[in-house]
Every structure is written in structure tokens, then in C-alpha cells.
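Participant: Mind looking over this structure? Questions follow.
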Amino acid sequence: ATTGTRVPSGCAGTPACSHLPSPPPLTRAPRAASTRKTRRTTQRSKLAFLVRTSVVIGIDIGGTKTSISCLRRGGQVCEWNRFPTGGPDATLNQIARVIERHQPPRGVAFGIACGGPLDAARGIILSPPNLPGWNRVRVTKFLVKHFGGQAFLMNDANANALAEWRFGAGRGSRSMIF
């Protein structure tokens, strides 16, 4: 109403008022067309790799405990070990000792779940509040260097939901709430 236009009584200056000019259409900054598609394709290819692999070693790094499990082709799951989580060096070395005892085959895949924040694409645990001292830990690089194969890092809640959808109670559903 600063332009001298008379505002009808009861009008709060909403966009629906006919006395105001129409706002310009909303525009969004152009996004690379392939970003979402590439991310989705990468996630699918990682899942496909994990499913094709004869052995997938799952590692859950939590604030109080770390657990290591194995998923064999056919869906057999066995827990190898569970121990208190310490600092990054001690915990990663303990993980390596547990895995070495089971002599994983060549081409093994590692699925690592950890609370965020993470840089999952680069396999780096950034600095989770429940893991003091875990600042910029390159967990996937550590595992690939020691055992070969491939390693993938994912937020623990997302990893649990994905596993439940693929192998658990959500199997076969098109959508699921975890």
C-alpha cells in the first residue's frame, strides 16, 4: 500500500488480493539433470554388487558397541563379534583382527553403518557426537587396504532400513516405513 493503492478493508496484503500486482513466477536455479539419476544409479549398483558378492561383512560402529556380522549368499547371517567401541585406531584394529580370524574371500564386500555426520561417498566418518575422537576417519579406505574388495559407508538408520527392506520384514514391499 506504499504506492498509493487503496487497500480494501479486511485485506492482509495476501497474494490473492486483486489490487496487488502478481508476483513474478518462482524460478529455481538449474540443477544438473543427471545428479539425482546418477546418485540413484550409484546406490543401485552398490546394492547390486553387495547382493552378487558371496560374502558381505557388515560392521555397525555405534557409540557404545561395534558389531561385526557376515551375510552369506542365500541369506545366512551370523554375528562374528561384538565389543565396546573405543577410539578410532583401537576400534579399527579390533575390527581387522576379528575379520582376519574368519579369512574373508577375495572380492569381499563391506557394508559399514555408523551414525552421522558422514561423507558416505568418500567413506569418511566426519565427527559423530556419539563417537568422540572419530574426526575424518577413512574407514572404507582402511578396510579395502587390509582386505581388498569394496567397502561402502552409510548412515546407520538408512542401512538398517535398507537391510530390513531387502532381507527382513519389508522384503517384497514397494514402500516401507522404518
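The values are calculated or read from the model by the stated rules, or taken from the named source; none is laboratory data. Note that the structure is predicted; figures quoted are calculated from it, not measured. Ideal geometry is used to build each Cβ from the backbone, glycine not excepted, and the neighbour counts take in all protein chains shown. For the accessible areas, the whole protein counts, side chains as well, though only heavy atoms, and no ligand, DNA or RNA atoms are used. Shrake-Rupley method; radii C 1.70, N 1.55, O 1.52, S 1.80 Å.
Participant: Write out, first by first residue and then by second, each pair whose Cβ atoms fall under 8 Å of each other, whose residues are 6+ apart or on separate chains, and whose first residue, in segment 157-170, is over 16 Å from residue 118 (Cα atoms) and free of Cβ contacts under 8 Å to residues at least 60 places away in the same chain while the second is among the charged types (D, E, K, R) and part of a loop (DSSP other than H, G, I, E, B).
Facilitator: 165/171
Participant: Right, here's the next one. Suppose we filter segment 91-107 for residues that are in contact with a Gly (Cβ under 9 Å, 6 or more places away or on another chain) and part of a helix (DSSP H, G or I); how many remain? Reasoning before the result, please.
Facilitator: Here is the first cut: in segment 91-107, the residues in contact with a Gly (Cβ under 9 Å, 6 or more places away or on another chain) are 94, 104-107.
Narrowing further to those that are part of a helix (DSSP H, G or I): 94.
Selection size over segment 91-107: 1.
Participant: When only residues in segment 71-96 that are under 18 Å from residue 142 (Cβ atoms) and without any contact (Cβ under 8 Å) to a residue 12 or more places away in the chain count, which is surrounded by the fewest Cβ atoms within 10 Å (Cβ to Cβ)?
Facilitator: Among residues in segment 71-96 that are under 18 Å from residue 142 (Cβ atoms) and without any contact (Cβ under 8 Å) to a residue 12 or more places away in the chain, the one surrounded by the fewest Cβ atoms within 10 Å (Cβ to Cβ) is 89.
Participant: Does residue 120 meet the test of being without any contact (Cβ under 8 Å) to a residue 40 or more places away in the chain and touching a Leu at 6+ places or on another chain (Cβ under 9 Å)?
Facilitator: On the way: without any contact (Cβ under 8 Å) to a residue 40 or more places away in the chain: yes; touching a Leu at 6+ places or on another chain (Cβ under 9 Å): yes.
Criteria met by residue 120.
Participant: Looking at residue 32, is it among the small types (Gly, Ala, Ser), at pLDDT below 90 and either more than 17 Å from residue 158 (Cβ to Cβ) or crowded, with 16+ Cβ neighbours inside 10 Å (or both)?
Facilitator: Working: among the small types (Gly, Ala, Ser): yes; at pLDDT below 90: yes; either more than 17 Å from residue 158 (Cβ to Cβ) or crowded, with 16+ Cβ neighbours inside 10 Å (or both): yes.
Spelling it out, residue 32 is indeed among the small types (Gly, Ala, Ser), at pLDDT below 90 and either more than 17 Å from residue 158 (Cβ to Cβ) or crowded, with 16+ Cβ neighbours inside 10 Å (or both).
Participant: Only residues in segment 97-114 that are open to solvent by 40 Å² or more (accessible area, probe 1.4 Å) and at pLDDT below 90 count as the first member; pair them with residues that are of a type outside the set (Asp, Glu) and in a strand (DSSP E or B), Cβ under 8 angstrom, at least 6 apart or cross-chain, and list the lot.
Facilitator: 102/70; 102/80; 105/55
Participant: Looking at segment 117-129, can you tell me whether even one residue there is closer than 23 Å to residue 79 by Cα, open to solvent by 20 Å² or more (accessible area, probe 1.4 Å) and either basic (Lys, Arg) or not in a loop (DSSP other than H, G, I, E, B) (or both)?
Facilitator: No, the conditions are met nowhere in segment 117-129.
Participant: Moving on to the next point. Would you pick out the residues in segment 55-70 that are open to solvent by 30 Å² or more (accessible area, probe 1.4 Å) and either farther than 19 Å from residue 155 by Cα or not in a strand (DSSP E or B) (or both)?
Facilitator: Residues satisfying the conditions are 63, 64.
Participant: If you take the residues in segment 131-178 that are open to solvent by 70 Å² or more (accessible area, probe 1.4 Å) and part of a helix (DSSP H, G or I), which one is modelled with the lowest pLDDT?
Facilitator: 167
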